[in-house]
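A.B. asks: Before I ask anything, here is the structure I am working with.
We did not get these values from a lab; they are worked out from the coordinates using the rules stated. Because the structure is predicted, anything quoted here is derived from the model rather than measured. Cβ placement follows ideal geometry from the backbone for every residue including glycine, while neighbour counts extend to all protein chains displayed.
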Amino acid sequence: MCNDAVKGISAYHHTALCVSDWARSMDFYQRLGFNLLIDFLWPEGTSLHKTILIHEADPTLSVELFEAGDVSYPLPEQHMNTKGAFWHICFQTHTEEDVDIAYSYAISIGATSRMEPTSMRHVLTDGGYLDVRAAFVFGPDGEILEFINQKEAE
Amino acid sequence: MDRNVFCKAVKGYHHIALTVSDARWDRVIEFYKGIGFHLKYSFHHPSGNGKRMAFLESEKAGYLELFGMGTGQLPDDRELMHTTGKFFHMCLAVDKPEDVDAVYELLLSLGAEERIAPRENIQRSSHEMDSRVAFVYGLEREIIEVIYLKVMQKKESRS
């Protein structure tokens, strides 16, 4: 049964990302196609930025940068294995070839490789297949970004 | 290669990835079904480690990718929000201010825990933003925000 409150949800809005060098991350994400939506200082009375960026291709592709990174709290190498962890965001591309274009471009602006573009076939538990081409990079603070082209399952 | 080439290659938002424990796998899926997602694809991790994976899909909010390999626990909020490179919450938009309260209550009824009850959030600095927001902890302590964004304009444009 669908609760009526669900109907009020209109969209995915953003993912929050803690960054250590706001200017560096702003430069990276703007070069990655994001534009400034809103920027303010947070917590109030500080000079720390809290900034929502939305992507040129899709306003629901959005990140909120929190300039709160503390070197005392480095990103654990295996953070993706912690339950409750949001650990990557993913950009859909138009074509398989666009995964390679997106990956190469990200590397050219300073991202580092986590996984080169790779075609994969997932065997679904219902017996079908899900074909994807995907690549992963690390952003300036080690955050993980994925580029994917996903076919409808067969 | 320039920025425009990249932007033309990108179609848009696809998903955010969330790690959950194998023990709570079914309960987490039921939780997200309660806010409009459905189980779209279910498979196992390509590494062959036997861990479950799934794409949940929402007509309005895209995909949520689940990885059933989670152990341990997240650090407390202070550490979480200061961990460099950490994605530390996901946010869903609603249509009306009162929808923030309704979705917040729905999340609690599904087993979420209160983090910040619905409240007005007014920002006045380089940009102005009036919003109504609420935060909950999901079943694995993941932080979920619900937002209604009311006003947003550059301060300079109001002079």
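A.B. asks: Kindly express, to the nearest 10 degrees and within the range 0 to 90, the angle between helix B:97-109's C-alpha long axis and the longest C-alpha principal axis of chain B.
C.D. replies: For B:97-109 against chain B, the angle is about 20 degrees.
A.B. asks: My understanding is that a pair violates if its Cα-Cα distance is over 30 Å; which of B:Lys60/B:Lys150; B:Lys8/B:Lys40; A:Lys7/B:Lys8; B:Lys51/B:Lys96; A:Lys50/B:Lys96; A:Lys50/B:Lys60 do that in this structure?
C.D. replies: Where the Cα-Cα span goes over 30 Å, the pairs concerned are A:Lys7/B:Lys8; B:Lys51/B:Lys96.
A.B. asks: Can I ask one more? Could you run the Karplus curve 6.51 cos²θ - 1.76 cosθ + 1.60 with θ = phi - 60° over the range B:75-88 and give me ³J(HN,Hα) per residue in whole Hz, x for Gly and Pro?
C.D. replies: Karplus-based 3J(HN,Hα) across the range B:75-88 equals x, 5, 4, 4, 5, 4, 7, 10, 7, 4, x, 8, 7, 10 Hz.
A.B. asks: Let me ask something else about it. Output ³J(HN,Hα) for the range B:59-70: one whole-Hz value per residue in order, computed from phi by the Karplus curve 6.51 cos²θ - 1.76 cosθ + 1.60 with θ = phi - 60°, and x for Gly and Pro.
C.D. replies: 4, 9, 10, x, 9, 10, 9, 9, 10, x, 10, x
A.B. asks: Oh, and also: Could you please rank B:Phe87, B:Phe67, placing first whichever residue has the fewest other Cβ atoms within 10 Å of its Cβ?
C.D. replies: Ascending number of Cβ neighbours within 10 Å: B:Phe67, B:Phe87.
A.B. asks: Which loop GluC sites (Glu not before Pro) in the range B:14-73, with loop taken from DSSP, have no more than 14 other Cβ atoms within 10 angstrom of their Cβ?
C.D. replies: B:Glu59
A.B. asks: Still on this structure, please answer the following. Amide H of B:Phe88 versus every other amide H placed in the peptide plane: which residues, excluding those fewer than 5 positions away on the same chain, fall under 5 Å?
C.D. replies: A:Ala16, A:Leu17, A:Cys18
A.B. asks: Okay, next question. How do A:Asp100, B:Asp77 rank when sorted from fewest to most other Cβ atoms within 10 Å of their own Cβ?
C.D. replies: Least to most surrounded, the residues fall as B:Asp77, A:Asp100.
A.B. asks: Sticking with this structure for a sec: Explain nothing, just the number: dipole magnitude of the range B:1-157 about its Cα centre with +1 on each Lys and Arg Cβ and -1 on each Asp and Glu Cβ, in debye rounded to the nearest 20.
C.D. replies: 540 debye
A.B. asks: At q = 0.11 Å⁻¹, what base-10 log of I(q)/I(0) does the Debye formula yield for the range A:89-154 when every alpha carbon is treated as an equal point scatterer in vacuo?
C.D. replies: Relative scattering, expressed as log10 I(q)/I(0), comes to -0.26.
A.B. asks: Taking the Cα centre of the range A:1-93 as origin, sum charge times position over the Cβ atoms of Lys and Arg (+1) and Asp and Glu (-1), and report the length of that vector in debye to the nearest 20.
C.D. replies: 220 debye
A.B. asks: Would you mind checking the radius of gyration and Dmax of the protein assembly as shown based on alpha-carbon positions, in Å?
C.D. replies: 18.6, 62
A.B. asks: Once phi is turned into ³J(HN,Hα) by the Karplus curve 6.51 cos²θ - 1.76 cosθ + 1.60 with θ = phi - 60°, what whole-Hz value does each residue of the range A:131-144 show in order, with x for glycine and proline?
C.D. replies: Each residue's phi maps through the Karplus curve to give 9, 9, 10, 9, 9, 10, 10, 9, x, x, 9, x, 5, 9 Hz.
A.B. asks: I would also like to ask the following. Please work out the Kirkwood hydrodynamic radius for the range B:1-72, using every pair of different C-alpha atoms, and report it in angstroms with one decimal place.
C.D. replies: One decimal place: 13.5 Å for the Kirkwood radius.
A.B. asks: List, in the order given, every pair from B:Lys11/B:Lys86; A:Lys151/B:Lys33; A:Lys83/A:Lys151 whose Cα-Cα distance in the structure shown is over 26 Å.
C.D. replies: In this structure, A:Lys83/A:Lys151 exceed 26 Å between Cα atoms.
A.B. asks: May I pose another question? Please arrange B:Arg3, B:Arg115 by how many other C-beta atoms lie within 10 Å of their C-beta, fewest to most.
C.D. replies: B:Arg3, B:Arg115
A.B. asks: Using the alpha carbons of chain B, what is the convex hull volume per residue in cubic angstrom, as a whole number?
C.D. replies: Residue-normalised Cα hull volume stands at 176 Å³.
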